[in-house]
Amino acid sequence: MKNSGYYSQFGGAFIPEILVPTFDELESAYLEARDDEAFWQEYLELMSTYSCRATPITLLDNLTEQLGGANIYVKREDLNHTGAHKANNVMGQGLLTKRMKKTRVIAETGAGQHGVATATMAAKFGFDCTIYMGAHDVQRQRPNVFWMEQMGATVVAVKEGSQTLKDAINEAFRDWVTNMDDTHYVLGTACGPHPFPEMVSWFQSIIGTEAREQMLERTGKLPSRVYACVGGGSNAMGIFSGFMDDNDVELVGVEAGGRGRGSGQHAARLAYDDASVGVAQGYKTFFLQDHDGQMQDTHSVSAGLDYVGVSPILSHLHETKQVRFEAATDDAVVEAMQRTVRYEGLIPALESSHAFAQAYKEAPMMSSDDNILINMSGRADKDIFTVADAVHDPKWKDFIIEKADAYRREMNNG
Amino acid sequence: MAKQETKLELSIRAAREKKDILLMTHIVLGYPSFDDSLRVVEDMVKAGVDLMELQIPFSEPMADGPVILKANAEALKAGATVDQSFEMAEKMAKEFDIPFLFMTYYNILFCQGVTSFVERCKSIGMQGCIVPDLPPAEGQDYLDAMHAAELAPIHIFTPNTPEQRMRFLSDNSSGFIYSVARKGVTGKDTAFSSELETYLAQCRNNTGLPLAVGFGVKSPEDINFLRGKADIAVVGSETIRVMEEKGVAAVKPFIETLVA
């Protein structure tokens, strides 16, 4: 074990002794892959033939006109196979799993997007697959559970703790400390012990590399601001990495404001003042924790942002002020999503809608010479139940009641 | 580096003069209540336990299995704090004449301030700490503070640990080495086999410190197996399981069957 993977004071590898050789092996495999140009070529080839890379950028002309101010561009990660940026990381780690000659993958999932992406990769590469998902999230994200199971994955509903993402991560680690010999843990975000934050950011950097070129080609200049939602932080790290050296581009990370500042019901680790530095889940970063260091319950309308910690790299960029952090409330998020659906026909996931909400708030105050870029990290098909509840759609409710009645009749007759 | 022998190591060696294997047990402070914790410790000491690990509950006990995981969660739900854990541990260390250790996760130390946590351990009479998510490479502050306080930082050997790493861990430890009998989390079954025997011999060859063996140790047969191969048998989840299934009063007779 090397004492590496620090970004100023954040990061590290606080891992149980049993996993030390496993992390050594993973770090070596990752560093070898990084040095091997053929690996990245294989990755690009896979992403352009199995997923939909390069994903395009789209100008929201209706909303640009409606809001006045900056021209709003969107990077379309929703067009990846499985509908989110998660595929970028998962396919990369899948190639690495093959290199390490492991035959089984495990993953945690919050919104279910990472679980679906991992199950997809496992089906394609022929790995056994187990997905850990908080029981609360299994309830929220049934459609994703359905697809994971169809793809042959075992989905374990985690009933410990707050039954959300952090608890799923703990359970995945408990599996890994038993089965590390044949199993790779496909951690879904730029968090956890080194080398995960760096490795996941590397795979996701494909977003930023493409987006920078596309903006230059399309508009002849760099965007003034780039917006990304931040749960663990992988889509943000992905798009930001393309603009990290561009001093004139302001990077804006948008966290889950839940019920707002001071409500105690949110997942804003950097934008609000409630979090403090701690060490959990194998790394050091800002956590929403109490005075003793016990993790607190978080809240967000979006399962994927509902997490106590945040990428150590983003904590570092927060301290150096290279990224500005804001939070969008549940209400603002649902409104931004509806607006995007109604006027542009795009369907951003609730997670991604946090970035849209903040961009819509700021765009009118900018000039029409400014271009802004939003990372649409995923699409909202999975959110249909949550969104239907949020907008109180009566026809949807009737449909569900009728469907339930039909199933009940079927069961009674069977 | 010539290492001092801590008080913990000396008392383990002295106890081993009289017994061929020592028994260490594990409880989660504040589960099901602090009063119960005190009563269980009293019963365990009376039943002949030689040393004890007191776990300060943490919300994310990554290395623990279902039994201890639940005990952590329940203790916190009942409102257990780090201050209360220290107060209770102080009471136990004063009242009972066996060595007590803290087991907890690093965030508990980090949020208290590592040095002040260690000084506080010293002041209440604790003799060592086990912090399973703090490898030496991340824990220099902790190791320095423990060394200065003459307390024992205890590290873990596993069946995956290469011999060179065992020696490195041993160099950074005092008191004893905690060797886990198998992969996985606490509280699952272990096969007490010739394979385990080979591994324990390897552990022994790579440390001069006393050797404790835990994970899946739960019966007199398991302890018999460890006699001559280890200095300390660690019974963790099983005592908590006994307490849950049969009540606090059942712990003493259970321990007595182990040390008989």
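Summary table below
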{"quantity": "Residues being surrounded by fewer than 22 Cβ atoms within 10 Å (Cβ to Cβ) and aromatic (F, W, Y) - total across the stretch A:287-313", "calculated": "0"}
{"quantity": "A:T183 surrounded by fewer than 24 Cβ atoms within 10 Å (Cβ to Cβ), more than 22 Å from A:H85 (Cβ to Cβ), β-branched (V, I, T) and at pLDDT 95 or above", "calculated": "yes"}
{"quantity": "Residue within the stretch B:114-130 that is at pLDDT 95 or above, farther than 26 Å from B:D50 by Cβ and either within 11 Å of chain A (Cβ to nearest Cβ) or assigned to a loop (DSSP other than H, G, I, E, B) (or both) present", "calculated": "yes"}
{"quantity": "Boolean, A:A332 is of a type in the set (A, V, I, L, M), crowded, with 17+ Cβ neighbours inside 10 Å, over 23 Å from A:G208 (Cβ atoms) and at pLDDT 95 or above", "calculated": "yes"}
{"quantity": "Criterion: out of contact with any Gly (no Cβ under 7 Å at 6 or more places or on another chain), modelled with pLDDT of 95 or more and under 16 Å from A:Y185 (Cβ atoms) - qualifying residue of A:A38, A:A29, A:A13", "calculated": "A:A29"}
{"quantity": "Residues that are within 12 Å of another protein chain (Cβ to nearest Cβ), touching a strand residue (DSSP E or B) at 6+ places or on another chain (Cβ under 8 Å) and part of a helix (DSSP H, G or I), drawn from the stretch A:171-200", "calculated": "A:E171, A:A172, A:F173, A:D175, A:W176, A:N179"}
{"quantity": "Complete set of residues in the stretch B:133-160 that are facing another protein chain (nearest Cβ under 7 Å), part of a loop (DSSP other than H, G, I, E, B) and either surrounded by fewer than 24 Cβ atoms within 10 Å (Cβ to Cβ) or touching a His at 6+ places or on another chain (Cβ under 7 Å) (or both)", "calculated": "B:N160"}
{"quantity": "Cβ pairs under 6 Å, 6+ apart, first in the stretch B:203-222 and within 20 Å of B:S11 (Cα to Cα), second modelled with pLDDT under 95 and in a loop (DSSP other than H, G, I, E, B)", "calculated": "B:V213/B:A181; B:G214/B:G236"}
{"quantity": "Tally, over the stretch A:280-305, of residues that are within 8 Å of another protein chain (Cβ to nearest Cβ) and over 21 Å from the mean Cα position of the chain (by Cα)", "calculated": "5"}
{"quantity": "Tally of residues being surrounded by fewer than 15 Cβ atoms within 10 Å (Cβ to Cβ) and either under 28 Å from A:G309 (Cβ atoms) or of a type in the set (A, V, I, L, M, F, W, C) (or both) across the stretch A:41-60", "calculated": "1"}
{"quantity": "Only listed residue being in a helix (DSSP H, G or I) and small (G, A, S), chosen from A:A13, A:A38", "calculated": "A:A38"}
{"quantity": "Residue list for the stretch A:115-142, filter: buried (at least 24 other Cβ atoms within 10 Å of the Cβ), of a type outside the set (G, A, S), touching a residue at least 40 places away in the same chain (Cβ under 8 Å) and closer than 14 Å to A:A172 by Cβ", "calculated": "A:T118, A:Y132, A:D137"}
{"quantity": "Total residues in the stretch B:63-93, condition within 19 Å of B:F215 (Cα to Cα) and either within 16 Å of the chain's Cα centre (by Cα) or of a type in the set (S, T, N, Q) (or both)", "calculated": "8"}
{"quantity": "Residues that are more than 10 Å from chain A (Cβ to nearest Cβ) and assigned to a loop (DSSP other than H, G, I, E, B), drawn from the stretch B:161-185", "calculated": "B:N172, B:S173, B:S174, B:G175, B:F176, B:A181"}
{"quantity": "In the stretch A:144-170, the residues that are among the polar types (S, T, N, Q), in a helix (DSSP H, G or I) and within 10 Å of chain B (Cβ to nearest Cβ)", "calculated": "A:N170"}
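Each row is one residue, and each column tells you yes or no for (1) away from chain B (no Cβ under 14 Å); (2) of a type outside the set (S, T, N, Q); (3) farther than 30 Å from A:E344 by Cα.
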position: A:E37; (1), (2), (3): yes, yes, yes
position: A:Q41; (1), (2), (3): yes, no, yes
position: A:T49; (1), (2), (3): yes, no, no
position: A:T58; (1), (2), (3): yes, no, no
position: A:N71; (1), (2), (3): yes, no, no
position: A:K75; (1), (2), (3): yes, yes, no
position: A:A87; (1), (2), (3): yes, yes, no
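The values are calculated or read from the model by the stated rules, or taken from the named source; none is laboratory data. Note that the coordinates shown come from a computational prediction; the quantities given were computed from them, not determined experimentally. Note that each Cβ is placed from the backbone with ideal geometry, even for glycine, and that neighbours are counted across all protein chains shown.
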